[in-house]
Amino acid sequence: MLRLKKFLPIMMAIVMTFGISTNAFAEESTSNANEPSNGTIQQISTSDFDEAEKIESQKIQEITTDNFSFPQLNVEPDLKFDSQKKSATASNAASEAATNGIWQINDPVFVGDGNLTGSYDLYLVNTSSNTTAFLKLASSSSELIAVLYKVDAQGNLINTGFGAYANGSDNFGVLAAGNYAIAIGSSSGNVTGTYTLMWNCSNPSGASSIIDRTTDLSRVVLFYSNNAIRSNGTNIMTDLKWEEHETWYLPLGYSARDMVIDSITSSGTYLGSFTSSKPYTANNALFIEISRGSYLYSNSYYRNDEGEVVHVIDYTDPSGLKTPRWLGDAATDFNWGSHYIVIDLDTFQVVEFLSPFNYHYTNEGERGVVYANIWFGHEADAFFV
């Protein structure tokens, strides 16, 4: 589950600032000294999102055995090994492969080290359904390449034409269910050296866009629809949640503010950068526009009521409505602007609820915000088979 982490500071470009700082509490009186304010709601401008350019769909080819655009390795095509035979298991820890070693990758995400001392190493992989595969190779020798082979029913290797050059960019495509072997070697069969193999086939086919991937491919985030964004196979929209809990200890007891939004339905997805005057920064941010979500807002405090100290919990949000409730159902919920969950893609943490209903962006809150380079992750026709 993605949860709030309080951190981050600075980025610029298309600037929009809101949230003018004043006191965090209502004006004190003898009967109401500890009562916090719900904040005075104010308009939030989101014109950058309205004018955002669309992300173009990356038309990714299906990986087939009739594409011979990638170099042929010096690998025997008729090894006829038993793909079901137990091979040495490749782990995510560093490991050295023997000459012409055969290794089994059991997990959909693999980052592992090897040492090629023979003509080639083989890593066996299998998928039970159509997936989106990403492949990358780093090596002490730039002449090494990684090529994906289909393993047929007889144990023969059939070149798919899909691969990656050492120390180059990753390659990706749609991989049909079946048994495969990743071969590490060279066209001459004489090149040796250490290498790091990076492989990720954790996400299903059917996506519309690539949102993000780490340098070592240990995490790949794909866009399928506004309510289906998968990171290594997990739909992050399912348990998406932002929450903040603040407490102040005062002479009569304490004051506290709680804000939570979850069970989110999205109406749009955007990429860009985000900076709050909190301060924190997400240079690589994902904005989830909220069309509906379960919303809780409460102020808890002690009040002197004619000489008797009483504990009060006020569930009124900055718009004046009682919570818990479904944000998005009230006719006025979007009168002051749109609502967004912000995810830092570098840390993969939920960092903010960017909303006029977040106390910190009311007139009494302390926060301003800057966001830039906003791109729209639109719901395009699926291009993954």
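Is it true that some residue in segment 111-129 is of a type outside the set (A, V, I, L, M), within 33 Å of the chain's Cα centre (by Cα), at pLDDT below 90 and assigned to a loop (DSSP other than H, G, I, E, B)?
no
In segment 162-180, which residues are surrounded by fewer than 19 Cβ atoms within 10 Å (Cβ to Cβ) and assigned to a strand (DSSP E or B)?
165, 178, 179
Among (1) within 19 Å of residue 40 (Cα to Cα); (2) part of a strand (DSSP E or B), there is one condition residue 371 misses while meeting the rest; what is its number?
The single condition residue 371 does not satisfy is (1).
Which of the residues spanning segment 190-231 are at positive phi and surrounded by 19 or more Cβ atoms within 10 Å (Cβ to Cβ)?
Hit for segment 190-231 is 217, nothing else.
Only one of 301, 297 is at pLDDT 95 or above and under 24 Å from residue 363 (Cα atoms); which?
297
The values are calculated or read from the model by the stated rules, or taken from the named source; none is laboratory data. Keep in mind the model is a prediction, meaning the values are calculated, not measured. Note that each Cβ is placed from the backbone with ideal geometry, even for glycine, and that neighbours are counted across all protein chains shown.
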